[in-house]
Structures are given as structure tokens and as C-alpha cells.
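Worksheet for the structure shown next.
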Amino acid sequence: MTFTRQFIALLRMNLGGLTDRLGAVLAILMGVTCTVGVLVSMLAMGTGLHSQVLGDVHDDIVVVTSHGGGGFQGSIPREEANAVRDLPGIARSKDGEPLVGLAFAVPVEARRRVTGRRVFFELAGSTMTFMLMHPEEMHFTEGRMYRPGLHELIASNPCVRQFAGFELGARREVRGSDWTVVGHFDQGHNMQCVVVTDADTLMTTFGSNTYSHISVQLALPADFDVFRKALESNPALHLEAKHQRDMLEENFKQFNALLRFAAYFVGSIIALGATLGAVNSLYSIVDARRRELATLRAIGFGGAAIVAALLCESVLLALPGALLGSGLAWLFFHRMAVSPFGYNFELEVTAGLAAIGIAWALAMGLIGGLLPALRAARVPVTTALRAT
């Protein structure tokens with residue numbers, strides 16, 4: 001009998017006897033389900049973060065910062081910021097104004113509604129041009145826009161839900177002055193608390209004369225090279241330009257890496273325990289079938305076919321657990337709001353994460369079944385036949 005025919009016959013025999021080994025099969029299934037469910041749900045933090053950060057990215061938006069400014073926290077003098085407005089490749093509004101938004105950000109304090117815990121977040125000062133760059137992303141749900149020159153704030157709805165003191169008409173102290181909340185808004189996919197005011201008013205309050213970064217809307221995405229070359233060739237400007245997507249990915253690179261490390265670290269620990277449990281379960285299956293395996297060896301079945309059939313059985317036992325674990329992760333954790341390290345976003349269980357979970361489970365089945373399969377193939381026929 002050929003190897004293939006032996007393998008198929010053994011695999012059918014193994015799968016046909018699963019009901020007789022129901023306890024060991026359920027132990028393997030539960031271990032794989034828990035491992036894949038935990039791994040996929042934790043990896044969903046990374047995909048959820050990535051979707052929120054890049055959900056409102058536009059290819060025609062360029063971020064300009066000072067050299068070595070550290071992401072969005074640069075230091076751009078007013079003179080250089082004004083010079084950027086004259087560079088080629090910039091889109092213009094209906095009034096002919098270049099779509100160049102200037103930003104200035106400072107940390108402010110707030111307290112959570114439920115716990116009262118003090119947290120800090122950025123108060124973003126921006127020029128009115130910012131509102132002309134893809135205005136469809138900002139939707140006012142209550143109140144109105146702030147007026148330049150006045151101590152007025154607008155807050156995103158997550159601020160109202162999460163923190164105290166952001167109700168319409170509420171007054172907040174900023175650098176010894178009272179600032180009034182005059183509007184609430186939603187902003188695309190962003191679940192973060194965003195508080196915005198007039199950049200020049202905020203800079204005057206803090207005695208600053210430099211912007212943190214500049215956002216530029218290009219006439220066409222292909223104009224990026226033209227704009228960047230003009231920026232870098234101007235000796236009076238010590239600035240650099242990056243695509244909005246590249247800047248955001250760079251800014252969240254370490255945070256995303258931390259989430260992925262936590263997911264794989266916890267998943268590996270659980271997978272190790274589940275794999276050891278699978279090994280023990282498969283060992284018990286092999287021991288219970290020693291006489292059967294010995295008889296098969298005696299009538300001509302080869303050790304290689306036995307190893308292959310047991311490995312295939314182990315992998316097939318892991319597959320339902322992988323599917324079940326991925327399904328449970330999607331059912332219970334997809335679109336679940338979380339706040340690791342104070343950053344708010346929703347988990348996102350995707351088909352790609354399910355594929356990772358399935359591959360992880362199949363690897364567990366392969367590793368978990370290898371030693372028991374080798375043991376089944378190496379037991380001497382005479383010894384096995386005498387076993388009771």
C-alpha cells in the first residue's frame with residue numbers, strides 16, 4: 001500500500017474515532033479557542049488605532065514642521081509661516097486665499113466625569129483656514145464656531161462625554177483667563193477629545209511667537225514634489241514637509257508597536273499553555289491507542305504515514321478552535337471602545353486578523369502534535385502489542 005493510501009486510511013480512522021476521545025478533543029478545542037480569541041482581540045487594538053489615525057487622512061494634505069521638531073511639536077516663526085503661503089502647488093479657496101492652516105498647541109487640564117481623575121490633553125489653536133480644508137469632516141452638533149480674537153473654545157463631543165466642564169456655555173480657565181465653550185462638533189473618525197480655539201489668541205495668551213506646525217492643502221496630490229523642492233530650496237526657511245499619512249504613522253509608530261508587542265506577548269504565553277495542554281491530550285490519545293497503532297504497524301503501515309496522519313489530525317482539531325476564537329473575538333470585541341494609556345479608539349477585528357489567528361492555531365496544532373506523533377511511530381511493535 002502506498003504512503004498516500006496509508007495516510008488517507010489512517011486519517012479517516014483517526015477522525016472517525018473522535019467521539020470516543022471527546023474529552024481530549026474538547027480540551028484541545030477550548031485551548032485553541034481561548035488562545036486565538038485573546039490574540040485576535042488584542043491585535044484588534046492595533047488595527048483600531050490605525051483605522052482611527054488614518055481614517056481621515058487625505059493625500060492632498062501636507063504637514064510642515066521645523067527640522068527636528070519631533071512630529072507635530074515644532075517651532076515655526078511667524079515670518080517663516082507667512083513665507084510658506086507663497087510657495088507653488090498650494091490650493092486656494094474661493095476667495096483666492098492659499099489653503100495654509102497654522103497651528104499652535106498647549107497642554108491643558110481636565111477631569112474625567114466618572115472618576116474625577118486629572119488628565120492633560122492638547123488645546124489646539126488654529127487659524128480659520130483650517131476649517132476650509134476638507135470642511136465635511138467637522139460637523140457642528142450644537143452651538144457655533146469660535147470667533148477670532150475672543151477667548152472662545154469649541155469642543156468635540158467626546159470631550160463632553162468623557163470630561164467635566166465642556167458643556168455649552170461652560171467657562172474654563174486657561175492661563176488665568178476664563179474661556180467659554182461656544183460649540184460642540186464631531187470630527188470624522190476621531191474619538192479623541194479635541195478642543196480648538198483661535199491660534200493667534202492662544203499664542204498671545206501664552207506669550208509665544210512660533211507655531212507648532214503648518215497644514216497645507218495642495219492643488220493636486222502630485223504637486224507634493226514641487227512644493228517640497230520649493231520649501232527646501234528657500235534658504236530663509238528651515239522647514240521640512242511630509243505627507244499627512246507619513247507624519248501620522250511616524251507619530252504613532254511607537255504606540256502601535258507597544259500594542260502589538262503586548263498582543264503577541266500575552267498571546268504567546270496563552271499559546272504556550274494551550275500547546276502544552278494539546279501535547280498532553282494527544283499523548284493520552286496515543287497511549288490509549290497503542291495496541292491499535294501496533295496492529296497497524298504489524299500489518300504494514302509505515303511510521304511516516306502514522307506521523308503524518310496524527311499531525312494532520314492535530315491541525316484539523318485546531319482549525320475549529322481558530323474559527324470559533326476569531327468569531328467570538330468579532331462578536332464581543334469588534335467596535336468596542338477602549339482607552340489604553342488614555343488614548344480612545346475602537347477595536348477593529350478584520351479578516352486579516354482572523355487569518356493571523358488561524359495561522360497561529362495551525363502552528364499550535366503542528367507543534368502540539370509533533371512529539372506525540374513521533375512517539376506513536378517509534379514505539380516498537382512488540383512492546384506495543386504487549387501493552388494493556
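Quick note: the coordinates plus some simple rules give every number you see, no bench work behind them. Since the structure is predicted, the reported quantities are computational estimates derived from the model, not experimental observations. FYI the Cβ positions are ideal-geometry reconstructions off the backbone, even for glycines, and counts take in every protein chain you see.
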* Structure fact -> Fewest to most Cβ atoms within 10 Å: F120, F301 sort as F120, F301
* What ranking of M336, M203 emerges when the number of other C-beta atoms within 10 Å of each C-beta is taken as an exposure proxy, fewest first? -> M336, M203
* **Summed residue charge, Cβ within 14 Å of N82's Cβ, Lys/Arg positive, Asp/Glu negative** => -3
* Asked: In nanometres, what is the gap between the two model label sites at R144 and R78, each 7 Å from Cα along Cα-to-Cβ?
  -> 2.7 nm
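Count the net charge of all other residues whose Cβ sits under 10 Å from the Cβ of L99, scoring Lys and Arg as +1 and Asp and Glu as -1. Mind showing how you got there, number by number?
Numbers: positive: R85, R92; negative: D60, E97.
Here the charged neighbours net out to 0.
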* **region 1-76 - Debye-derived log10 I(q)/I(0), Cα point model, q = 0.24, 0.25, 0.28 Å⁻¹** => -1.07, -1.10, -1.16
* Counting only C-alpha contacts under 8 Å and six or more residues apart, can you give the relative contact order of the chain as a whole percent? => 30 percent
* Structure fact -> In whole angstrom, the spacing between the Cα centers of region 199-221 and region 248-278 equals 38 Å
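Could you list H58, H67 in order of exposure, starting from the residue whose Cβ has the fewest other Cβ atoms within 10 Å?
Fewest-to-most Cβ neighbours within 10 Å comes out as H67, H58.
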* **Cut-off under 5 Å, modelled amide H: who pairs with M336 long-range** => L347
* Where in the chain are the DSSP H helices whose alpha-carbon span along the long axis reaches 30 Å or more and whose Kyte-Doolittle mean is at least 0.5? -> 22-54, 253-288, 303-333, 351-378
* To do: Pop the C-beta distance of R113 and S51 into the FRET formula with R0 = 22 Å and round what comes out to the nearest 0.05.
  => 0.25
* To do: Compute the signed sum of charges (Lys and Arg +1, Asp and Glu -1) over the other residues within less than 9 Å, Cβ to Cβ, of A164.
  => +2
* Asked: Semi-axes of region 68-237's equivalent ellipsoid from the Cα gyration tensor, sqrt of 5 times each eigenvalue, largest first, rounded to whole Å?
  -> 30, 18, 14
* **Dmax and Rg, reported as Rg then Dmax, of the chain (C-alpha, Å)** => 30.5, 95
